[in-house]
Each structure stands twice: as C-alpha cells, then as structure tokens.
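Participant: First, the structure itself, so that you have it in front of you.
The values are calculated or read from the model by the stated rules, or taken from the named source; none is laboratory data. Quick caveat, the model's predicted, so the values are computed rather than measured. Neighbour counts are summed over all protein chains in view; Cβ atoms, including those assigned to glycine, are modelled from backbone coordinates with ideal geometry. Accessible surface areas use protein heavy atoms only, side chains included; no ligands, DNA or RNA. Shrake-Rupley method; radii C 1.70, N 1.55, O 1.52, S 1.80 Å.
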Amino acid sequence: MKIERRLCLQDLPLFNDVEPEVFSKVCGQAASRRNLRRGDILFNQGDIIDTLFLIKAGSFKLARVNEEGKEVILHVAAKGEVLGETALFRSGTHPATAIALEDARVCALNRRSLEEIIRESPDLALQVISSLANRLYSTWEQFTELRTGSIRDKVLNLFIRLAVEHGEASSEGTLIKIRLTQQDIADFIGASRVMVVQVLKELTDQKYIYKIDKYYMLKDRCF
C-alpha cells in the first residue's frame, strides 16, 4: 500500500525530478486517496487551502460565485491535472469550488508534507512556479475567449478549447470526454441557459456538434 501511495503522487509532473529516496521518505505515509461521485464537492470556495490534489480519474469543474450570486465556471480539470497548487506557497482560501462532473478519484498530499519535499528538493519550487504561471496564463486566455463575441462564438470557442484539452479523436470528429450540462455551458460563457439551448440547436443543425450518449462530439471542420 505504501508503494501505491508513493507512485500515485509521483505521477505529478511537479515531482519528476525529485529523488525517489526523498519522495518515498516524505510521501510514503502522507498521501491519501478519495473517491467521489458525480456532484460531490472536493473543496468549497472559501475553504482553507492546505492540500494539493492530483486527479487520477474523472473530472471537476471549478466554479466561483460572483458578487451577483451567479455561478461562473473558471476551468474544467481532468485526469492528470493538479488542484490546489497554491498550498505550496501560501496560506489562504480556495477562490472556487471543485465539483465532480463524473465519478472521480484523487490523491492528496497535505501542506506540511509538501513543505518537507521542497526543503529536500529546492528545484521543485521553480517547477511549481512554472506550473502556476502556465495555469494563470491559460485561465486569462480562456476568460478572454469566453467573454468576447456572440453567444454562438463563445459556445463554439468553449467546445474547441475543451476538445483540445480533453478530446478523444475519432473518424467522426473529436469526442469531448467531459460531461457538461446546458447549465454548465451557460455558466462557462456567462450566458442564460435559454440562449445556450438555442445556440446548441443551431450548431447541431449545422452539423458542427452532436451528442453521443452524454458527451458532445465536435466535428473536425471546427478546428
């Protein structure tokens, strides 16, 4: 069991250059696993940040409630991504709520153990800074894309981004392996569900998208 726990978190790109002896000593007893069902909350907006999570299976939406009380989806994180990286650098609270979009499994490492790893491997801090910078740039880029243009443009840009990040190529197009409701899409782009439903019908009629079971398929001509 100790070996499984250690290798679980060693999947993190952040730990690629950490010596196995260092990693094993700190993480052998510290890593824990959690299984979540669709709709379960991993952490809430406002919760204390004290744990880093590696997504081993499933996906999560990061949603923030704005001053008007409306939920805005900031990001969808899937298998292999990390949540809570800021636990490495600062005390504070989560700026968004992480909600499972499907059954999911995560591995977790608490702040104290992370600090011990960094003390043993200072280069890790630089890797984490790079990871956080990339996440920040991606978030701002996504925010700009999804807040400009018509509702149709925003929905199509969202599907293209998700297809690039979470898509599975096939002869029919790219299957977006994220379960999104119409309300999720509306929350992503800051539009009403009614408007999104109209646009989804339009894109379907024009053969840009269609659904397979609970997933959207994006035709290749969109890229």
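Participant: So, in the range 203-223, how many residues would count as being farther than 16 Å from G167 by Cα and surrounded by 15 or more Cβ atoms within 10 Å (Cβ to Cβ)? Break it down into steps so the answer makes sense when it comes.
Facilitator: Taking the range 203-223 as the starting set, the residues that turn out to be farther than 16 Å from G167 by Cα are 203-207.
Those still in the list that are surrounded by 15 or more Cβ atoms within 10 Å (Cβ to Cβ) too: 203.
Qualifying residue count, the range 203-223: 1.
Participant: I'm checking my understanding of the structure. Among residues of the range 73-127 that are at pLDDT 80 or above and acidic (D, E), which one is farthest from the chain's Cα centre (by Cα)?
Facilitator: It comes out as D103.
Participant: So, S138, is that one surrounded by 13 or more Cβ atoms within 10 Å (Cβ to Cβ), touching a His at 6+ places or on another chain (Cβ under 9 Å) and modelled with pLDDT under 90 or not?
Facilitator: yes
Participant: Next question. Which of (1) under 20 Å from L101 (Cα atoms); (2) open to solvent by 30 Å² or more (accessible area, probe 1.4 Å); (3) at pLDDT 90 or above is the odd one out, the single condition I185 does not satisfy?
Facilitator: Condition (2) is where I185 drops out.
Participant: Then there's this: Hey, among the residues in the range 32-59 that are in contact with a His (Cβ under 9 Å, 6 or more places away or on another chain), open to solvent by less than 60 Å² (accessible area, probe 1.4 Å) and assigned to a strand (DSSP E or B), which one's farthest from V164 (Cα to Cα)?
Facilitator: Among them, the one singled out is F43.
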